[in-house]
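The values are calculated or read from the model by the stated rules, or taken from the named source; none is laboratory data. Keep in mind that what you see is a predicted model, and the values were worked out from it rather than measured. With ideal geometry, Cβ positions are generated from the backbone for all residues, glycine too; neighbour counts draw on all protein chains shown. With ligands, DNA and RNA removed, areas are computed over all heavy atoms of the protein, side chains included. Shrake-Rupley method; radii C 1.70, N 1.55, O 1.52, S 1.80 Å.
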Amino acid sequence: MKTNIVIIDDHQLFREGVKRILDFEASFDVVAEGDDGSEAMNLVETYHPDVVIMDINMPNVNGIEATQQLIQQYPETKVIILSIHDDENYVQHALKTGAQGYLLKEMDADALIEAVRVVADGGSYLHPKVTHNLVKEYRRLVSDENANQDTIHAPEIRRPLHLLTRRECEVLQLLADGQSNRAIGETLYISEKTVKNHVSNILQKMNVNDRTQAVVLAIKNGWVEVK
């Protein structure tokens, strides 16, 4: 079955570029486009898309407002926010409205395709740079909490070798560093396909749905360092 997609972005050239990338995937079908959040409700009512790709900055109704309205009316709607902002406040605000994905407009084609697939399957996807920033903020909050409890030593980094292979531990650390699959492959001198296989194994072994959940769980257990 095809994944039906609606794209809403007020920049026509960017929207056309996103559509062109998605059209290369045989399993994707861009069924409609819009240039303002005010169109989102009508497009979803008309086309019943599996995924809505929504720009965050639009002149009349922005992506956050439109997403909130959509989720209230159609709780099963899956929304991926597109943004130029990597600040965690923007990300958290978007996720609180119910968006399942957050991509920076500096993304490459592979990240866009992966995000749509993950979100369509019911998972969540954050741009690797966004993930890294959220992880750093989480680590800061944990450090502050420990400081308030008079904890003077840093938590010990313990590799989960009882659960993951050494290579999977390396991939998990690079995920926490905010690297994309392509960057991980270049760092470890392995193919991007091999990286994807490692990530899939990590998610399965850690019993999580997506890479963001894997990184957060790894931080809680002291399995990765946050730089």
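Which ones in region 166-210 are at positive phi and surrounded by 16 or more Cβ atoms within 10 Å (Cβ to Cβ)? 178 - this is the single residue of region 166-210 that is at positive phi and surrounded by 16 or more Cβ atoms within 10 Å (Cβ to Cβ). Listed by first and then second residue, the pairs with beta-carbon distance under 9 Å, at least 6 apart or on different chains, first residue in region 64-86 and closer than 19 Å to residue 47 by Cα, second open to solvent by 50 Å² or more (accessible area, probe 1.4 Å) and among the acidic types (Asp, Glu), are 66/39; 73/45; 74/45; 78/50.
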